[in-house]
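Here's the structure we're looking at; comments come further down.
The values are calculated or read from the model by the stated rules, or taken from the named source; none is laboratory data. Here the structure is a predicted model, which is why all the values come from computation and not from measurement. Positions of Cβ are generated from backbone atoms using ideal geometry, with glycine treated the same way; all protein chains shown enter the neighbour counts. Heavy atoms of the whole protein, side chains included, go into the accessibility calculation; ligands, DNA and RNA do not. Shrake-Rupley method; radii C 1.70, N 1.55, O 1.52, S 1.80 Å.
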Amino acid sequence: MSLLVWSALFSSIFLCFSDVVSGTTTNTVNFSNQFETQTYIIRVQNNFKPSVFSDVEHWYSSTLKSLTSDQLKLDHEKTQSKNDFLHVYKTVFHGFSTKLNQQQAEEIKNRPGVLGVYIDRVRKIHTTRSPHFLGLTGASAHGHNGLLKGSDYGSNVVIGILDTGIWPERRSFHDRGLGPIPSHWKGECMEGKEFSKTHCNKKLVGARYFTNGYTATAGVINETTEFRSPRDSDGHGTHTASTAAGRHVHKASLLGLASGVAAGIAPKARIAAYKICWERGCFDSDILAAIDKAVEDGVDIISLSVGSGAVPYYQDPIAMGSFGAMEKGVFVSASAGNEGPGIMTVANIAPWITTVGAGTIDRSFPADLILEDGRLIKGASLYSGPPLPEDTFFPLVYAGNLSASVHNGTNTTSKRSGFTSAICMPNSLEQELVRGKIVLCDRGGVPRVAKGVVVKDAGGAGMIVANVSPEGLGLVADSHVLPGLAVTETDGYTIHGYIARSKNPRAKFVFHGTQLGTKPAPVVAGFSSRGPNLESIYIIKPDIIAPGVDILAAWPDNVSPTGLSSDLRRTEFNIQSGTSMSCPHVSGLGALLKGAHPDWSPARIRSSLMTTAYIHDSTGGVLLDEVNYNTSKAWDMGSGHVNPEKALDPGLVYDLTVDDYLDFLCASNYTARNIRSIARRPVDCIKKDLQPWDLNYPSISVVVDQSTPSKVEIAVRRTVTHVNDGASSYTVKIENPLGVIVTVDPPKLEFIHREEKKSFVVKIVTEKLALTPGNSKSEFGRLTWSDGEHMVSMPIAVTWQESY
């Protein structure tokens, strides 16, 4: 499908939200006619405040009271002005959130100083082995101090984890051996249900929770299942926090699987937990309040494993809040989303956010399905309970043929639809047809682990979850409640065929536990969201990939490994998959790089990660795509897989200032009002001759204008900064995209001292392509500067796009 068609499609629908690929789901809110009023976020330019008001909150309150709605005036008679607001934003974003009806929202848009009015959207939450897989051993290959020691393991850096909270008693968050809390930290430890100030320490230096936006729209918090406090009742936040910065913990495992010493990426970095997500989702107004407060508190890094579909930056509170954080020198890492392998599904796409996709590591949890005819089908599973007898074959059936009977109220019965039973929906299976058998369920509809509960409740002996299109060959292992495994889409067809053709189909399981040294690794995870960037194709997103499949990290006491209430198992560590897991890996790496280079800007940290990333796996081949095991492209993996030790010493960086981003927005045809909504300042774009592809980003993406003569030439400008002492000489190497000739002027860069800057022009020459209207085609190459020791690389994407 063409980029134009996709753009039209995505502009007309509300996108699904990214979720952790754990096989569980979170309830979300149905907004249609549910409330007379809705929550809105109001963006304000504070320098418009009339002098008669003592502070901005007084001004905001007066503005609300002046609205024409009789209902709002009645509400104000019952409340004091401090209750007018759900949140007031003061640091990265200026404005407030409040409840308004549509008439009031339209009226306030026209008030002086109001830059934007945004409906409060709901979003979803998108390790013993991964630090070792990343090469974080404490020493570099040359015997010098590596990234861990060079940064003192991140000890002077605070990571703000915006998530579902934290379980503070976990061993991953102990503070033994840590020095004083960094002096720049100004945050606090908020008390609440089963959470006191004593739960914070020199490791967990702060904790807050945000409920106003959630309760204004979703209703009251269910305190029988959730904690009105920073305490985690979901598991996601505890997992991401310990992935980013958990301490070393010996004898860690998930019920015996993946056993070893667990450690986060930056084990001495300090953690500040900001609970923004609740049972029914995470609301923009609360997320923005958390970003605002985190920057005020003094975090150095923000880790955000939350997202939704892409929208223009000036309509995205996460993008706007992250812009303000970037201005304050805070590095923001965010998950790319789990909507892969569909194109143009990547989330958190603003160029000042580091967007992280997911890859596999060299550890897997293989499990075999052996058919009675001798065929062996390889699958994946985290099942660790009593196995089925390996010397016994069990009857094998397809759930779509096992529909349960339903009483229809007229003393007659009918069968549930084959579709609901095929995906093993609750109460969809006929017990007499299931008892004692292995059941094949199609993936989709309900969480994978919940399918196991359905089969178990119906008396099944075991379960197979088969991928369906478009999951392809990607496998996600789950901690099933009965013997069960996942198989690929192709193998699912094989099993379907065997069941259909065999008079008495039978099978058995063999579980192999933990396997190390899996090859090839890494592979781009099938679920990882893909580019191109829906809002700006000139910025390649995701930026990079990092470990995000089968990641072991800390888990709360009160949550089962499946997250299901019927699952009574408990574990100190759990294994999860998703870009929610890859994001905190990069957050931890950002903390290490900030610790090693305290003066580096967020753009320098991102540049060092991107330009040193690798694109070849453990077998020497180009990184593959798990969906089909074809070669991955920049739309799938960005610049490649993070390479921490190389990032410590990148040689050259592509730096960016706030003004550079503003120029990019001008070049992207954003209006002055749009830009002011993002940047809180007036910007004059009229006199600037700018191109959006000239943003000094560590990747290049251009679009060929098919309306020009047959030969097309595009000039792209970049500037690098030398970050090593002494002189260096860099020479360029080009891997041309198919059908494109790329040259660089000059082809050699000579540096004399640290912080010296050199600019160059990349000339991209190609021919028009014969494309049908509405279609597009992309080809990819690579540009690398090398001085013999450093390799400073970036991907090049060239897209031909034919208009209608």
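Among the residues of the stretch 323-338, the one identified as outside any helix (DSSP H, G or I) and among the aromatic types (F, W, Y) is F331. Any idea which residue in the stretch 540-557 is farthest from V249 (Cα to Cα), counting only those that are under 17 Å from the mean Cα position of the chain (by Cα) and assigned to a loop (DSSP other than H, G, I, E, B)? Here the answer is I540. Kindly establish whether G452 is farther than 20 Å from T488 by Cα and modelled with pLDDT of 95 or more. For G452, the condition - farther than 20 Å from T488 by Cα and modelled with pLDDT of 95 or more - is not met. Among the residues of the stretch 159-196, write down those that are of a type in the set (A, V, I, L, M, F, W, C) and over 23 Å from V261 (Cα atoms). Result: L162, I181, W185, C189, M190, F195.
Only residues that are in a strand (DSSP E or B) and either touching a Phe, Trp or Tyr at 6+ places or on another chain (Cβ under 9 Å) or surrounded by fewer than 19 Cβ atoms within 10 Å (Cβ to Cβ) (or both): list them for the stretch 782-798, please. Please lay out each step first, then the result.
Step one: list which residues in the stretch 782-798 are in a strand (DSSP E or B), which gives 782-786, 791-798.
T784, W785, S786, M791, V792, S793, M794, P795, I796, A797, V798, listed by residue number.
Going by what's in this entry, would V453 be described as open to solvent by 10 Å² or more (accessible area, probe 1.4 Å), out of contact with any strand residue (DSSP E or B) (no Cβ under 9 Å at 6 or more places or on another chain) and of a type in the set (A, V, I, L, M)? Yes, satisfied. Looking only at the stretch 356-404, residues that are touching a Phe, Trp or Tyr at 6+ places or on another chain (Cβ under 6 Å), part of a strand (DSSP E or B) and either closer than 30 Å to W635 by Cβ or not aliphatic (A, V, I, L, M) (or both) come to 1 in all. Screening the candidates P505, P522, P584 for the property of being in contact with a strand residue (DSSP E or B) (Cβ under 7 Å, 6 or more places away or on another chain) and open to solvent by 10 Å² or more (accessible area, probe 1.4 Å) yields one hit, P505.
Look at the stretch 108-131 and say how many of its residues are of a type outside the set (K, R), open to solvent by 40 Å² or more (accessible area, probe 1.4 Å) and touching a strand residue (DSSP E or B) at 6+ places or on another chain (Cβ under 9 Å).
The first filter runs over the stretch 108-131 and keeps only residues of a type outside the set (K, R), leaving 108, 110, 112-120, 122, 125-128, 130-131.
This time we only want the ones that are open to solvent by 40 Å² or more (accessible area, probe 1.4 Å), so: 110, 112, 119.
Filter once more, so that each one left must be touching a strand residue (DSSP E or B) at 6+ places or on another chain (Cβ under 9 Å): 119.
Summing the residues that are of a type outside the set (K, R), open to solvent by 40 Å² or more (accessible area, probe 1.4 Å) and touching a strand residue (DSSP E or B) at 6+ places or on another chain (Cβ under 9 Å) in the stretch 108-131 gives 1.
None of A266, A290 is within 30 Å of P532 (Cβ to Cβ), modelled with pLDDT of 95 or more and among the aliphatic types (A, V, I, L, M) except A290.
Which residues, taken from the stretch 276-297, are in a loop (DSSP other than H, G, I, E, B) and open to solvent by 10 Å² or more (accessible area, probe 1.4 Å)? Don't jump to the end; show me each part of the working.
The initial filter retains those residues of the stretch 276-297 that are in a loop (DSSP other than H, G, I, E, B), namely 276, 279-280.
E279, R280, listed by residue number.
Do we find that N574 is open to solvent by less than 30 Å² (accessible area, probe 1.4 Å) and outside any helix (DSSP H, G or I) in this structure?
Working: open to solvent by less than 30 Å² (accessible area, probe 1.4 Å): yes; outside any helix (DSSP H, G or I): yes.
Considered against the rule, which asks whether it is open to solvent by less than 30 Å² (accessible area, probe 1.4 Å) and outside any helix (DSSP H, G or I), N574 comes out as yes.
Would you pick out the residues in the stretch 697-726 that are part of a loop (DSSP other than H, G, I, E, B) and either open to solvent by less than 10 Å² (accessible area, probe 1.4 Å) or not hydroxyl-bearing (S, T, Y) (or both)? Give the derivation first.
From the stretch 697-726, those part of a loop (DSSP other than H, G, I, E, B) are 697-699, 706-710, 723-726; that's our starting set.
If the condition is that a residue be part of a loop (DSSP other than H, G, I, E, B) and either open to solvent by less than 10 Å² (accessible area, probe 1.4 Å) or not hydroxyl-bearing (S, T, Y) (or both), then Y697, P698, S699, Q706, P709, V723, N724, D725, G726 are the ones that fit.
The test for being open to solvent by less than 10 Å² (accessible area, probe 1.4 Å), within 28 Å of K519 (Cβ to Cβ) and small (G, A, S) does not hold for G651.
Within the stretch 421-428, is even one residue modelled with pLDDT of 70 or more and farther than 26 Å from R506 by Cβ?
Of all residues in the stretch 421-428, those modelled with pLDDT of 70 or more come to 421-428.
Filter once more, so that each one left must be farther than 26 Å from R506 by Cβ: 426-427.
Scanning the stretch 421-428, I find at least one residue that is modelled with pLDDT of 70 or more and farther than 26 Å from R506 by Cβ, so the answer is yes.
Being crowded, with 24+ Cβ neighbours inside 10 Å, under 18 Å from the mean Cα position of the chain (by Cα), over 27 Å from H174 (Cβ atoms) and at pLDDT below 95 is a property that holds for A310.
There is at least one residue in the stretch 365-383 that is touching a helix residue (DSSP H, G or I) at 6+ places or on another chain (Cβ under 9 Å), modelled with pLDDT of 95 or more, of a type in the set (G, A, S) and open to solvent by less than 30 Å² (accessible area, probe 1.4 Å). Of the strands (runs of 3 or more DSSP E) contained entirely in the stretch 417-529, those carrying at least 1 residues that are over 25 Å from the mean Cα position of the chain (by Cα) and more than 21 Å from V549 (Cβ to Cβ) fall at 438-442, 462-466, 506-511. Restricting attention to the stretch 374-392, the residues being under 20 Å from V453 (Cα atoms) and of a type outside the set (S, T, Y) number 7. Does T98 fit the bill of being in contact with a Lys or Arg (Cβ under 7 Å, 6 or more places away or on another chain), at pLDDT 90 or above, crowded, with 21+ Cβ neighbours inside 10 Å and under 24 Å from D316 (Cα atoms)? Answer is no for this residue. Residue selection: V765 fails the criterion of being closer than 27 Å to I544 by Cβ and assigned to a strand (DSSP E or B). Just a yes or no: is a residue in the stretch 542-558 more than 30 Å from R231 (Cβ to Cβ), in contact with a strand residue (DSSP E or B) (Cβ under 8 Å, 6 or more places away or on another chain) and open to solvent by 40 Å² or more (accessible area, probe 1.4 Å)? Scanning the stretch 542-558 turns up no residue that is more than 30 Å from R231 (Cβ to Cβ), in contact with a strand residue (DSSP E or B) (Cβ under 8 Å, 6 or more places away or on another chain) and open to solvent by 40 Å² or more (accessible area, probe 1.4 Å). Of the set (1) more than 20 Å from S639 (Cα to Cα); (2) part of a loop (DSSP other than H, G, I, E, B); (3) in contact with a Phe, Trp or Tyr (Cβ under 8 Å, 6 or more places away or on another chain), all apply to G563 but (3).
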